[in-house]
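Input: a single structure, listed below in structure tokens.
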Amino acid sequence: MPTVYDCSDTASRAAGLDAARRALSSGRLVVMPTDTVYGIAADAFDSSAVAELLRAKGRGRDMPVPVLVGSWHTIDGLVLGVPQAARDLIRAFWPGALSLVVHQAPSLAWDLGDARGTVMLRMPLHPVAIELLREVGPLAVSSANVSGRPPAVTAADAQLQLGDSAAVYLDGGPAEHALASTIVDLTGDTPRILRVGAVATSDIAEVLGVAPESLVAGSA
């Protein structure tokens, strides 16, 4: 039976974070708040836990699990060179609702799905998420919902969909944006937006010094 921790209460938050750390280290799943929507998390370097996350969502390996990090500097050990565009976007929008697809470091011993040498990274703007990430390191995190159903914007929403699949639920209140992150692909010759979300295309274009229409996936 999973335990729900109210992170608005200091003692409950501390107990919840401790329970989450222990659950993750033993290969179990944790539901956590972020600034966009709630996420279901596994140790990014535990391939069995990541596979269990995909099963809990009813999702295939063809949709690899993104990774959340707790600081800007964490990505240097995860990627095969950080493009200048990535550094500019990180400086402008992290922590926040922007996910970046980059080439992963080939030496990484993880299996996030059929990622074809890439990884999607984000640093969320949520105190509970940041504290957990800084304690346990990078986490494989996908939206806390069954595939094909609406993303959870509260811990209760997540529990209704995922039930006993997660050992711990960290309740951080309603998600601030209640909208998924914007995804920018930086693996090609030019940046492309794969999903429009909480960060506006015009804001991304301004940081990169390009026309907004050039960022639309599939544009010439």
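Ranked by the mean number of other Cβ atoms within 10 Å of their residues, highest first, the peptides 184-193, 171-180 come out as 171-180, 184-193.
Largest GNM mean-square fluctuation across PRO95, PRO151, PRO83, computed for the chain with C-alpha springs under 10 Å, falls on PRO83. Computed from point charges on the beta carbon alone (+1 for Lys and Arg, -1 for Asp and Glu), the dipole magnitude for the range 67-159 about its Cα centre is near 180 Debye. The fraction of accessible area contributed by carbon and sulfur in the chain is 53 percent, rounded to a whole number (1.4 Å probe; ligands and nucleic acids excluded). Spherically averaged projected area of the convex hull of Cα atoms, the range 76-132: 4.4 nm².
Modelled spin-label separation between ASP9 and GLU135, with each label point placed 7 Å from Cα along the Cα-to-Cβ direction: 1.7 nm. Residues TRP72, TRP94, sorted by accessible area with the largest first, give TRP72, TRP94 [1.4 Å probe; ligands and nucleic acids excluded].
Heavy atoms of the protein chains alone define the surface here; on that basis the range 1-96 has 43 Å² accessible area per residue at 1.4 Å probe size.
Under 1.5 on a/c is rounded, so check that first for the range 1-124, then, if it is not, pick prolate when a/b is larger than b/c and oblate when it is not; a ≥ b ≥ c are the square roots of the alpha carbon gyration tensor eigenvalues. Here the range 1-124 falls in the oblate category.
Axis of helix 10-25 versus longest Cα principal axis of the chain: the two differ by about 80°, to the nearest ten degrees. Summing Lys, Arg as +1 and Asp, Glu as -1, what charge do residues with Cβ under 13 Å from the Cβ of VAL82 carry, VAL82 excluded? Residues close to VAL82 contribute a combined charge of 0.
In the chain, taking the dipole from charged Cβ atoms about the Cα centre, the farthest positive-side position among ALA11, HIS126, TYR38 is held by TYR38. Charging the Cβ of each Asp and Glu at -1 and of each Lys and Arg at +1, and nothing else, the dipole of the range 120-208 about its Cα centre rounds to 180 debye. Label positions at VAL210 and TRP72, each projected 7 Å from the Cα along the C-beta direction, are separated by 2.2 nm. When only alpha carbons are used to place a centre, the range 1-73 and the range 149-181 end up 11 Å from one another.
Each peptide in 195-204, 12-21 was scored by the mean count of other Cβ atoms within 10 Å over its residues; highest first, the order is 12-21, 195-204.
Over all projection directions, the Cα-based convex hull of the range 113-220 averages an area of 8.6 nm².
The values are calculated or read from the model by the stated rules, or taken from the named source; none is laboratory data. What you are looking at is a predicted structure, and each value in this text was computed from that prediction instead of being measured. Here Cβ is always computed from backbone atoms with ideal geometry, including for glycine, and neighbour counts include all displayed protein chains. Keep in mind that these areas ignore ligands, DNA and RNA; they rest on the heavy atoms of the full protein, side chains included. Shrake-Rupley method; radii C 1.70, N 1.55, O 1.52, S 1.80 Å.
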